[in-house]
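Reviewing the structure listed below.
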Amino acid sequence: MIATAKPDLVTVNIDGQEIAVPKGTNVIEAARLVNVDVPHYCYHPKLTIVGNCRMCLIEMGMPAVDPATKAPVMDPATGKQKINWIPRPQIGCGTNVSPGLHVRTTTPMVKDAREGVMEFLLINHPLDCPICDQAGECKLQEQATGYGRGYSRFIEDKNVKPKRTQLGPRVTLDDERCILCSRCIRFSKEIARDDVLGFVDRGSYSTLTCFPGKKLENNYSLNTVDICPVGALTSTDFRFKMRVWFLKQTNAIDTESSVGANTVVWSREGTIYRITPRRNDEVNDTWMADSGRVLFKAVQAPDRLSAVKINGTDSAFDIAINAAAELFKANAGAVAVVGSGRSTVEEQFLAKQLATALKAPTYLVSRVGEGDKLLVSADRNPNVRGALVTGLIPTLPSAELVDLGAQIDAGKIKVVVTLGEDLAAAGLNAGQLAKISVIVLGTHANSMAGGAAVVFPTLTAFEKSGTFVNQQFRIQKFLKAVPPIAGATDDLIVLAKLVGAAGGAMLPTEVYALWKSIAAAVPALATTTFANLPETGQLLDATPFLALPFVEGETLHYKPAQHVVAAANA
Amino acid sequence: MNLKAETLSKIDEVITHYPVKRSATLPLLHLIQEDIGHLPPETSEWVAAKLELEPINVLEVITFYPMFRQKPIGRRHIKVCRTLSCALVGGYKTCATFEAEFKTHLGEVSPDGEVTVDFVECLASCGTAPVVLIDDELHEKVDAAKAKQLSDQIKAEAKKR
């Protein structure tokens, strides 16, 4: 990466506070730095500026100079340089800072301007907040309260527009609520590169529409719902399900690929209702893929494993651990551990300890899809790099466990511990599977769970805390959003007990405590603790792994190493 | 799109007048409307392909300007001014006369296919109000009687054909 040059700083004065901000910053962002709120609708920090909502009007002025001599004009009353205030309000989003710029956001003119804009925006707005999903997180609601005039003078009839247009498979549009900010149009064009939305007709008849015959169906369509400042664009899945103020927000990480998009999981009383993106300017900006938003449905899926089983019959946890211990003892030296790129760093660390205690070889299964060059990368495992960092695997995994199959055929491996991976899907044939006893740690039923010697139901990423290392070697943490389903045990507890069963030292089973052991054992993580990991993640040293041919192509904020690109083109 | 060869060559020529192709959207729409008489539904896609845009970008332009027609009109387009000066001296009556004469409603093609009557904003001839624009020809001081006379003239011409 090329180091960015130190940005030139410009000193501006906002409501009497001086602040130095980088050149090119607009007034909204500069004001944010001094905790001054400039209300806005159409402006979005990750989209182009169009300045069409007019809500961010501010009063601005420049220090006065004598036109002839260019000497500063002093104000005798204050002894400071006089400010020439522009007699009309300016838009904050489209005004970039310049040296000495003065901004006022609390004057009567600004107040009048905001009240006027709010009044116009509300003219054709249906004010159906009681039945609107956006209520509680609606900018129009918030700013009408904060900056509106408080009562309406409108006695005419409001426009009638389409109330429930299906823009695509996941997005529903209520045109009456739309305030024509055009954020969704710009997002579709600039970020998703699927320019299908636009305004047809004009004046108060302007209507947001998808081009006839086309659909807003790209894998990023739900971001338009996130950035819609009002309740015009709503998620068809979340619509009318829950009031947002009842929902608990938990920071999480998108597990669908190695991008590791930062997310927020919204839940109430143990049920997850939706997943939305969380801003991280180094990873996913403010976006995430639609496909990552439905992953929570796996938590309540009917095929969740919820009973400890030994040879297919229900059992108890401790008995199952003992059964595993017996298997380990009876087949000493003939055990293999199949880890997972979907496991957390902590689980991979414990899997490594288990393999060490058993002197077992370790494997991982790769999942490769096609990257979309945005926020879904080619590596569909969220945490392959975690397995590298923790030393669970020395090199990149392959999609098929060919070596493990050969070892089984040779009779060298008789017991396989699998962390959620389906061995049949990973290339072991029926004959090979018949020769081994399998200890399964898994969340959902698959072909393994049926014939396994021991099954431990474990947790989905929404029911536990942990960390993933994404494609940038950025370690990011996620927190438990909902309690586990009945019958399932935390992976860390199962793994720590299995380490004990294998004759290893007893390790902590709780993520905060376990990090002391991880920091002590893994040099790359020596100074890291779970509690101190920043919300935006922490970059790890990638140099030991630079030579590996990672499968990811270019995505947002990620460029593959040059030699990998060269190899792919060769 | 079924365009005349002449229109197509004009279109290719007009695109070269602008530094970016997108700028040719309006001239292209005018040329197509001149040729076909209105802008059929496939216009957006055709123009978008021609100018390397997305169809929605063109549809936005078509729906923004009232002078772009998305439906066919009659053989003649009668535009009656509705703005203040004309309205004060009987523009509404003039318009009603045309509607009654051709048994049609505003914006619709008359049953005989001869005319479409529209009630439009200022035609910029307030001194001679009320005014009517029939295709490209301006008619001044068109009161109800003159409107009847113009209608008869159109009908007579229609009969000759």
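The values are calculated or read from the model by the stated rules, or taken from the named source; none is laboratory data. Just so it is clear, the structure is predicted and the values come from calculations on it, not from any experiment. Don't worry about glycine lacking a Cβ; one is built from the backbone with ideal geometry, like all the others, and counts go over all protein chains shown. Side chains included, ligands, DNA and RNA excluded: accessible areas come from the protein's heavy atoms. Shrake-Rupley method; radii C 1.70, N 1.55, O 1.52, S 1.80 Å.
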Next on the checklist: Take residues that are in contact with a helix residue (DSSP H, G or I) (Cβ under 9 Å, 6 or more places away or on another chain) and under 26 Å from A:ASN280 (Cα atoms) and tell me which of the helices (runs of 4 or more DSSP H) falling wholly in segment A:430-546 contain 1 or more.
Outcome noted: A:511-521
Item to check | Among the residues listed as B:GLY37, B:GLY74, the single one being in contact (Cβ under 8 Å) with a residue 40 or more places away in the chain and either open to solvent by less than 40 Å² (accessible area, probe 1.4 Å) or over 28 Å from B:LYS159 (Cβ atoms) (or both) | outcome: B:GLY74
Checklist outcome for this item: Flagged in segment B:133-156 as under 10 Å from B:THR97 (Cα atoms) and among the acidic types (Asp, Glu), in numbering order, are B:ASP143
Checklist entry - Given the residues A:GLU347, A:GLU370, which is the only one that is in the same structural domain as A:THR458 (by TED's automatic domain parsing), open to solvent by 10 Å² or more (accessible area, probe 1.4 Å) and under 26 Å from the mean Cα position of the chain (by Cα)? => result A:GLU370
Item to check | Every residue from segment A:136-161 that is of a type in the set (Val, Ile, Thr) and open to solvent by less than 60 Å² (accessible area, probe 1.4 Å) | outcome: none
Checklist entry - Limited to segment A:306-341, what total is found for residues that are part of a strand (DSSP E or B) and either charged (D, E, K, R) or surrounded by fewer than 21 Cβ atoms within 10 Å (Cβ to Cβ) (or both)? => result 4
Next on the checklist: If A:LEU180 satisfies all but one of (1) within 14 Å of another protein chain (Cβ to nearest Cβ); (2) at pLDDT below 95, what's the number of the condition it fails?
Outcome noted: (2)
Checklist entry - What residue, of B:THR25, B:THR104, B:THR16, is open to solvent by 20 Å² or more (accessible area, probe 1.4 Å) and either among the hydroxyl-bearing types (Ser, Thr, Tyr) or within 14 Å of chain A (Cβ to nearest Cβ) (or both)? => result B:THR16
Checklist entry - Taking segment A:442-477, which residues are among the aliphatic types (A, V, I, L, M) and over 16 Å from the mean Cα position of the chain (by Cα)? => result A:ALA445, A:MET448, A:ALA449, A:ALA452, A:ALA453, A:VAL454, A:VAL455, A:LEU459
Next on the checklist: Considering only residues that are surrounded by fewer than 18 Cβ atoms within 10 Å (Cβ to Cβ) and either hydroxyl-bearing (Ser, Thr, Tyr) or more than 12 Å from chain A (Cβ to nearest Cβ) (or both), which ones fall in segment B:51-68?
Outcome noted: B:TYR65, B:MET67
Checklist entry - Looking at (1) surrounded by fewer than 16 Cβ atoms within 10 Å (Cβ to Cβ); (2) of a type in the set (Val, Ile, Thr); (3) outside any loop (DSSP other than H, G, I, E, B), can you tell me which one A:ILE58 breaks? => result (1)
Item to check | Count of segment A:183-233 residues which are touching a Phe, Trp or Tyr at 6+ places or on another chain (Cβ under 9 Å), open to solvent by 50 Å² or more (accessible area, probe 1.4 Å), on the phi < 0 side of the Ramachandran plot and within 13 Å of chain B (Cβ to nearest Cβ) | outcome: 1
Checklist entry - How many of the residues in segment A:373-402 are in a loop (DSSP other than H, G, I, E, B) and open to solvent by less than 60 Å² (accessible area, probe 1.4 Å)? => result 16
Next on the checklist: Looking at segment A:153-170, can you tell me whether even one residue there is within 14 Å of another protein chain (Cβ to nearest Cβ) and either out of contact with any Ser or Thr (no Cβ under 8 Å at 6 or more places or on another chain) or in a helix (DSSP H, G or I) (or both)?
Outcome noted: no
Checklist entry - Looking only at segment A:162-178, which residues are crowded, with 22+ Cβ neighbours inside 10 Å and over 26 Å from the mean Cα position of the chain (by Cα)? => result A:ASP174, A:ARG177, A:CYS178
Checklist entry - Can you find a residue in segment A:244-256 that is within 14 Å of chain B (Cβ to nearest Cβ), crowded, with 24+ Cβ neighbours inside 10 Å and closer than 30 Å to A:GLU370 by Cα? => result no
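To keep it simple, each residue is scored yes or no on (1) farther than 26 Å from A:PRO277 by Cα; (2) of a type in the set (A, V, I, L, M, F, W, C).
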{"site": "A:LEU350", "(1), (2)": "yes, yes"}
{"site": "A:ALA355", "(1), (2)": "yes, yes"}
{"site": "A:ALA360", "(1), (2)": "yes, yes"}
{"site": "A:SER366", "(1), (2)": "no, no"}
{"site": "A:ASN381", "(1), (2)": "no, no"}
{"site": "A:THR395", "(1), (2)": "yes, no"}
